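*Asks:* Below you'll find the structure I mean.
The values are calculated or read from the model by the stated rules, or taken from the named source; none is laboratory data. These figures come from a predicted structure and were not determined experimentally. Cβ: placed from backbone, ideal geometry, glycine included. Neighbour counts: every protein chain shown. Quick note on the areas: whole protein, heavy atoms, side chains included, nothing else; ligands and nucleic acids left out. Shrake-Rupley method; radii C 1.70, N 1.55, O 1.52, S 1.80 Å.
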Amino acid sequence: MFKTIAQTAAGCAVALALSLAPASAADKLTVLLDWYINPDHAPLIVAKEKGFFQAHDLDVELVAPADPSAPPRLVAAGQADVAVSYQPSLYLSVKEGLPLVRFGTLVSTPLTALVVLKDGPIKSIADLKGKTVGYSVAGLEDALLGTMLASAGLKPTDVTMINVNFALSPALAAGKVDAVIGAYRNFELTQIKLEGKEGRAFFPEEHGVPVFDELIYVAHKDKLADPRLKRFLAAVEDATIYVLNHPDEAWGVFVKANPKLDDELNRTAWTDTLRRFAHAPAALDAGRYARFGEFMKSHGLIDKVEPVATYAPALP
């Protein structure tokens, strides 16, 4: 039977009402970065700008901190959902009693390095005996350098440590120190080159230091069941694959969102960082976390090594 005019009108009214109904709002998620925006954050920027977060029903706010040490503490205090942090820092946070856990990885290899001038007197780590080494943050950098020195038969007392704050590259290029520890291999080497010098990097993981994840995602340990976290990692994985498959297009997306970063330093860092992103952000190498925990304990940075599940439990 044909519909009556009344039935047809009613059907149209329902359809019109449905078409005018607002779409359900995406779930908000606040992510605190570890530092100012740079190519290390490419998957996050691309996920936001290309709609990967939106595709997973997330409205993500990316926040660069005024104080780089603050993000983990803010997440622990419930003032943000996710922080980009460092695997070594996670052990220190747990030692302090902060309720934080790793639930994903952003950069899955170390970036930090010991850097010297290529045309300088340091051709091997053994050549550091009697030399000066600049650093920014005591503690972990002491442990990294101490282990690297030991691989060459040296002791920490064989070098003089000088705090150059965060001016690692300028201090080295100006000859104020013979080497710097804690320099990022994907940034400082290019920065030194732009200053008219050539750098040489010695990698901690090739000189006795257990390999570790440079950048990780941390959340409050009581929030692991939050379904937004799994969707966040899914979106980041989608974005990472896009960056790897389409690096030039992804760079265009990145600098369109951050035009002040369209320079030689960041373009080179972009290329140098691509292969270091975690292809499967949710994946965990438990052995890596156990080994690095033992490293931290052996250098007195933590009192005891907790089970890996304390630092990096699986998402439910």
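*Asks:* Quick one: Asp67 ticks every box in (1) over 25 Å from His279 (Cβ atoms); (2) more than 15 Å from the chain's Cα centre (by Cα); (3) modelled with pLDDT of 95 or more bar one, so which box is it?
*Replies:* If we test Asp67 against (1) over 25 Å from His279 (Cβ atoms); (2) more than 15 Å from the chain's Cα centre (by Cα); (3) modelled with pLDDT of 95 or more, just (3) comes out false.
*Asks:* Sticking with this structure for a sec: State the number of residues belonging to the range 292-316 that are surrounded by fewer than 17 Cβ atoms within 10 Å (Cβ to Cβ) and either modelled with pLDDT under 95 or within 21 Å of Glu141 (Cα to Cα) (or both).
*Replies:* So the count comes out to 10.
*Asks:* May I pose another question? Would you pick out the residues in the range 279-291 that are open to solvent by 10 Å² or more (accessible area, probe 1.4 Å) and either polar (S, T, N, Q) or assigned to a loop (DSSP other than H, G, I, E, B) (or both)? Quick ask: steps written out before the conclusion?
*Replies:* Here is the first cut: in the range 279-291, the residues open to solvent by 10 Å² or more (accessible area, probe 1.4 Å) are 279-280, 282-288, 290-291.
Within the range 279-291, His279, Ala280, Ala282, Ala283, Leu284, Asp285 qualify.
*Asks:* Okay, next question. Ser124 - would you say it is surrounded by fewer than 23 Cβ atoms within 10 Å (Cβ to Cβ), without any contact (Cβ under 8 Å) to a residue 40 or more places away in the chain and small (Gly, Ala, Ser)? Give the derivation first.
*Replies:* Numbers: surrounded by fewer than 23 Cβ atoms within 10 Å (Cβ to Cβ): yes; without any contact (Cβ under 8 Å) to a residue 40 or more places away in the chain: yes; small (Gly, Ala, Ser): yes.
For Ser124, the condition - surrounded by fewer than 23 Cβ atoms within 10 Å (Cβ to Cβ), without any contact (Cβ under 8 Å) to a residue 40 or more places away in the chain and small (Gly, Ala, Ser) - is met.
*Asks:* Looking at Ala113, Ala80, which is the one that is in a loop (DSSP other than H, G, I, E, B) and crowded, with 22+ Cβ neighbours inside 10 Å?
*Replies:* Ala80
*Asks:* Next question, about the same structure. So, in the range 127-151, how many residues would count as being part of a loop (DSSP other than H, G, I, E, B) and without any contact (Cβ under 8 Å) to a residue 40 or more places away in the chain?
*Replies:* Qualifying residue count, the range 127-151: 3.
*Asks:* Pairs, please: C-beta under 7 Å, at least 6 apart or cross-chain, first residue touching a residue at least 40 places away in the same chain (Cβ under 8 Å) and in the range 262-284, second open to solvent by 70 Å² or more (accessible area, probe 1.4 Å)?
*Replies:* Here the result reads Glu264/Leu194; Leu265/Leu194; Ala280/Glu237; Pro281/Glu237, each pair linking the range 262-284 to a residue that is open to solvent by 70 Å² or more (accessible area, probe 1.4 Å).
*Asks:* With the requirement that a residue be open to solvent by 30 Å² or more (accessible area, probe 1.4 Å) and of a type in the set (A, V, I, L, M), what does the range 95-110 give you?
*Replies:* Of everything in the range 95-110, just one residue is open to solvent by 30 Å² or more (accessible area, probe 1.4 Å) and of a type in the set (A, V, I, L, M), namely Leu98.
*Asks:* Determine if the range 131-138 includes at least one residue that is within 21 Å of Arg276 (Cβ to Cβ) and either in the same structural domain as Lys297 (by the TED database) or modelled with pLDDT of 95 or more (or both).
*Replies:* No: the range 131-138 contains no residue that is within 21 Å of Arg276 (Cβ to Cβ) and either in the same structural domain as Lys297 (by the TED database) or modelled with pLDDT of 95 or more (or both).
*Asks:* Mind listing just one residue for me: the one in the range 138-171 that is in contact with a helix residue (DSSP H, G or I) (Cβ under 6 Å, 6 or more places away or on another chain) and open to solvent by 20 Å² or more (accessible area, probe 1.4 Å) and, of those, nearest to Ser298 (Cα to Cα)?
*Replies:* The selected residue is Leu140.
*Asks:* Quick one: is Asp59 outside any helix (DSSP H, G or I), open to solvent by 60 Å² or more (accessible area, probe 1.4 Å) and more than 17 Å from Arg228 (Cβ to Cβ)? It would help to see each step written out before you state the result.
*Replies:* On the way: outside any helix (DSSP H, G or I): yes; open to solvent by 60 Å² or more (accessible area, probe 1.4 Å): yes; more than 17 Å from Arg228 (Cβ to Cβ): no.
When the stated conditions are applied, Asp59 does not pass them.
*Asks:* Taking the stated definitions as given, is Trp251 open to solvent by less than 50 Å² (accessible area, probe 1.4 Å), under 24 Å from Trp35 (Cα atoms), without any contact (Cβ under 8 Å) to a residue 60 or more places away in the chain and not in a strand (DSSP E or B)? First the steps, then the outcome.
*Replies:* Numbers: open to solvent by less than 50 Å² (accessible area, probe 1.4 Å): yes; under 24 Å from Trp35 (Cα atoms): yes; without any contact (Cβ under 8 Å) to a residue 60 or more places away in the chain: yes; not in a strand (DSSP E or B): yes.
Yes.
*Asks:* I want to confirm something. Restricting to the range 174-224 and keeping residues that are assigned to a helix (DSSP H, G or I) and without any contact (Cβ under 8 Å) to a residue 24 or more places away in the chain, which single residue is nearest to the chain's Cα centre (by Cα)?
*Replies:* Glu206
*Asks:* Being modelled with pLDDT under 95 and either crowded, with 20+ Cβ neighbours inside 10 Å or closer than 26 Å to Ala219 by Cα (or both) is the requirement here; does Val75 meet it?
*Replies:* no
*Asks:* Just to be sure, is Asp67 touching an Asp or Glu at 6+ places or on another chain (Cβ under 9 Å) and not small (Gly, Ala, Ser)?
*Replies:* Answer is no for this residue.
*Asks:* What are the residues in the range 83-110 that are over 19 Å from the mean Cα position of the chain (by Cα) and in a helix (DSSP H, G or I), if any?
*Replies:* Matches in the range 83-110: Lys95 only.
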